[in-house]
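The values are calculated or read from the model by the stated rules, or taken from the named source; none is laboratory data. Quick caveat: nothing in here was measured; it's all calculated off a predicted structure. A quick note on method: Cβ atoms are made from the backbone with ideal geometry, for glycine too, and the neighbour counts reach across all protein chains shown.
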């Protein structure tokens, strides 16, 4: 059971005790995410204080992924052109990639990372036809499976074997995770998000993204659909027999979003794959 985030001394789940410590670059970015009131100048100064992070952000900002015609020369310029949330998203992508790099040698764990990127990119696209800010959606999509990525860091071979097994539904995956770790990846992610003091919407997405979502189309519903779409387009982390087809996921969108978001699945999958390659 995960205790309240207000209790700073809450006990770490035993499975996470062996989680390798996050590097300084990752902790710096997580602190940036926790600050919702940070202005562009302060954000730029915070990033510039870490030359390695600043250099990688500039390299990505100048890549084909964004396609600016003129060179972006400094972090303040990047933050002004891209926006604070987008720069945070780039920084988080870099920090997570740095932290997880060693596990990418295992195909099943690399697939977890690519699923997170695919979900983030699809969330960004889906947000563009909704009332949700696109860069915020990217961040939420990127973070949604942080618990799964963490479990893969703790027991790489065992978790890769778990992911390589066929399952009837997501409940079976949760049950197997609990057998191996005592918690499932959503519970692990929630504990991490609360310990990092991430804003509440991120905690909701991380802990509930597999839940059936009815009613308003909020950030949780958007990431839920983006996660399902990522699976349907070939970016799944685990083979679940009950996985939904792409067309069914589109039909589950509210009418407004469904009218505006109806891409060709093959073209969308190719576009996502190209962007993942740029981000990697």
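Structure values in brief
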item	result
Yes/no for residue 109 being surrounded by fewer than 22 Cβ atoms within 10 Å (Cβ to Cβ) and touching a helix residue (DSSP H, G or I) at 6+ places or on another chain (Cβ under 9 Å)	no
Residue that is farthest from residue 164 (Cα to Cα) [pool: residues in the stretch 61-77 that are touching a residue at least 24 places away in the same chain (Cβ under 8 Å) and crowded, with 19+ Cβ neighbours inside 10 Å]	75
Test for residue 199: is it within 16 Å of the chain's Cα centre (by Cα) and surrounded by fewer than 19 Cβ atoms within 10 Å (Cβ to Cβ)	yes
Test: residue 16 is surrounded by 13 or more Cβ atoms within 10 Å (Cβ to Cβ), under 30 Å from residue 161 (Cβ atoms) and either out of contact with any helix residue (DSSP H, G or I) (no Cβ under 8 Å at 6 or more places or on another chain) or not assigned by TED's automatic domain parsing to the domain that holds residue 276 (or both)	yes
Helices (runs of 4 or more DSSP H) wholly inside the stretch 235-280 containing at least 1 residues that are closer than 30 Å to residue 61 by Cα, in contact (Cβ under 8 Å) with a residue 24 or more places away in the chain and touching a helix residue (DSSP H, G or I) at 6+ places or on another chain (Cβ under 8 Å)	255-260, 265-279
Counted residues, the stretch 242-268 - those being crowded, with 17+ Cβ neighbours inside 10 Å and farther than 30 Å from residue 166 by Cβ	2
Test: residue in the stretch 190-210 that is in contact with a helix residue (DSSP H, G or I) (Cβ under 8 Å, 6 or more places away or on another chain), within 25 Å of residue 250 (Cβ to Cβ) and not in a helix (DSSP H, G or I)	yes
Test: residue in the stretch 215-225 that is touching a strand residue (DSSP E or B) at 6+ places or on another chain (Cβ under 7 Å), in contact (Cβ under 8 Å) with a residue 40 or more places away in the chain and buried (at least 17 other Cβ atoms within 10 Å of the Cβ)	no
Those helices (runs of 4 or more DSSP H) lying entirely in the stretch 8-93 with at least 3 residues under 18 Å from the mean Cα position of the chain (by Cα)	24-34
Verdict on residue 239 being farther than 19 Å from residue 124 by Cα and touching a strand residue (DSSP E or B) at 6+ places or on another chain (Cβ under 6 Å)	yes
Residue match in the stretch 172-186 (condition: part of a helix (DSSP H, G or I), in contact with a strand residue (DSSP E or B) (Cβ under 6 Å, 6 or more places away or on another chain), touching a residue at least 24 places away in the same chain (Cβ under 8 Å) and closer than 15 Å to residue 145 by Cβ)	yes
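Each row is one residue, and each column tells you yes or no for (1) assigned by TED's automatic domain parsing to the domain that holds residue 122; (2) modelled with pLDDT under 95; (3) farther than 15 Å from residue 127 by Cβ.
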{"residue": "170", "(1), (2), (3)": "yes, yes, yes"}
{"residue": "196", "(1), (2), (3)": "yes, yes, yes"}
{"residue": "205", "(1), (2), (3)": "yes, no, no"}
{"residue": "212", "(1), (2), (3)": "yes, yes, yes"}
{"residue": "216", "(1), (2), (3)": "yes, yes, no"}
{"residue": "232", "(1), (2), (3)": "yes, no, yes"}
{"residue": "243", "(1), (2), (3)": "yes, yes, yes"}
{"residue": "247", "(1), (2), (3)": "yes, no, yes"}
{"residue": "272", "(1), (2), (3)": "yes, no, no"}
